[in-house]
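Below is one structure, written out as structure tokens; comments come after it.
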Amino acid sequence: MPYHRSPFLAACFAIISALTAVPSATRAAANSGAAQSVPLDQATVRKVIGGIVVELREGYVFPDRGVQAADALEKALAENTYAGVTDPGKFAVQLTDQLRAITQDSHMRVIFGSPFRNQPPPSAPQDADFEVKRLDGNIGYIHLVRFVPPAVFNPAADDAMRNLSDTAALIIDMWDNGGGHPASVAYLASFFLDPGQRVHINDLIWRNRGTSTFKTESFWSSPTPVSYLGKPVYVLVGPKTYSAGEEFAYDLQVLKRVTVIGEKTRGGANPGGLKEIGSDLFVVVPTGRAENPTAHDNWGGVGVSPDVQAAPEVAQETAVALAMGKPVTPLPAQQ
């Protein structure tokens, strides 16, 4: 989704990113509690499957896999696989597991209960959720759980980086960052790149709906009020780091501008919008994929591999030791 092209899609992305940090069964159960659960009949089940099939064939960024997944759902329906289904929350979990098994795409999901139901009104102020502090040894620390849209994110990033611009090294904690807006990723990355040149950071490749053609949306560095060029930066990641949180670590790792510390990330690189398919059920079918312009690849399905392996309880300590020039004993590489 070009998330900033539409306020609706930007809101979808922020909510979907938050949902990605929660296991599918837990998430569906949580949403089921908020939604009024009406037992499904077989006519509704057929309608839901039909709606998902259309999205897979018309919109999925990998057309061949979309057709394969659509065919599998139609085959399961014809074989009465869903004959005993009445609970919409359990149905959402079942479909999510089935779609992910076929596509190997963790962004693919079915949700019961609108994610928008308990959201604040559009006029309510947003918080960029920057936690900023100084550690011993004149080391800056930023903890960031999500990348909110640029209108809110960029001023908060400016304040954070101004406060830490005189530190000797910086730790950016993405351990539990569940994703967010790609333009905000590019803006934060800009603080660590040469302000004298425009750097190509990432591309999103979008499928033109109903076709096998694609369009490219590019993200570049932009001017920032301060620069953190020439000083060490350490990015903490782990299994909860997802989507845009992974992109930040991956893009700067490829550019050899940061040292990534922690454990391998989840591996979600294919954004998509939220489509209602009836009976308070929604499907997310990725319509885009990330492509790093330097690596010509992304972290989808494999995750971001740290430069230095470290367990969560010692990841920050490891980064501090490296920043202060002390020896560390990294964990064995993850398979």
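The values are calculated or read from the model by the stated rules, or taken from the named source; none is laboratory data. Keep in mind that this is a model prediction, so the values were computed, not measured. FYI the Cβ positions are ideal-geometry reconstructions off the backbone, even for glycines, and counts take in every protein chain you see.
Of everything in segment 39-98 that is of a type in the set (Ser, Thr, Tyr) and part of a helix (DSSP H, G or I), the residue that is farthest from Ala290 (Cα to Cα) is Thr44. Which one of these does Ile172 not meet: (1) outside any strand (DSSP E or B); (2) in contact (Cβ under 8 Å) with a residue 40 or more places away in the chain? (1) is the only condition that Ile172 fails. Annotation note: of Ala151, Ala189, the sole residue that is of a type in the set (A, V, I, L, M) and free of Cβ contacts under 8 Å to residues at least 12 places away in the same chain is Ala151.
Considering only residues of segment 91-121 that are of a type in the set (Lys, Arg) and modelled with pLDDT of 95 or more, which is surrounded by the fewest Cβ atoms within 10 Å (Cβ to Cβ)?
Arg100
Residues that are loosely packed, with under 13 Cβ neighbours inside 10 Å and charged (D, E, K, R) within segment 124-154 comprise Asp127, Glu131, Lys133, Asp136, listed in sequence order. For segment 243-267, the set of residues classified as touching a residue at least 12 places away in the same chain (Cβ under 8 Å) and either outside the structural domain of Ala315 (by TED's automatic domain parsing) or on the phi > 0 side of the Ramachandran plot (or both) consists of Ser243, Gly262, Gly267, listed by residue number.
Here's the yes/no breakdown for (1) surrounded by fewer than 24 Cβ atoms within 10 Å (Cβ to Cβ); (2) under 30 Å from Leu40 (Cβ atoms):
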| site | (1), (2) |
| --- | --- |
| Tyr234 | no, no |
| Ala249 | no, no |
| Val258 | yes, no |
| Pro271 | no, yes |
| Glu276 | yes, yes |
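Please work out if Thr211 is surrounded by fewer than 23 Cβ atoms within 10 Å (Cβ to Cβ), free of Cβ contacts under 8 Å to residues at least 40 places away in the same chain and assigned by TED's automatic domain parsing to the domain that holds Tyr141. Criteria met by Thr211. Every test in (1) on the phi > 0 side of the Ramachandran plot; (2) at pLDDT below 95 is passed by Pro125 save one, and that test is (1). If you go through segment 51-72 and keep only what is free of Cβ contacts under 8 Å to residues at least 60 places away in the same chain and within 17 Å of Pro286 (Cα to Cα), you end up with Val53, Val54, Arg57, Asp64, Arg65, Val67, Gln68, Ala69, Ala70. Scoring Pro239 on the criteria (1) modelled with pLDDT under 95; (2) closer than 30 Å to Leu73 by Cα; (3) assigned to a loop (DSSP other than H, G, I, E, B) leaves a single failure, condition (1). Just a yes or no: is a residue in segment 278-298 more than 24 Å from Ile111 (Cα to Cα) and under 13 Å from the mean Cα position of the chain (by Cα)? Among the residues of segment 278-298, at least one is more than 24 Å from Ile111 (Cα to Cα) and under 13 Å from the mean Cα position of the chain (by Cα), which makes the answer yes.
Out of all the residues in segment 278-317, which are on the phi > 0 side of the Ramachandran plot and part of a strand (DSSP E or B)?
Looking only at segment 278-317, we keep the residues that are on the phi > 0 side of the Ramachandran plot, and these are 278-280, 296, 301, 303.
Selection gives Gly278 alone.
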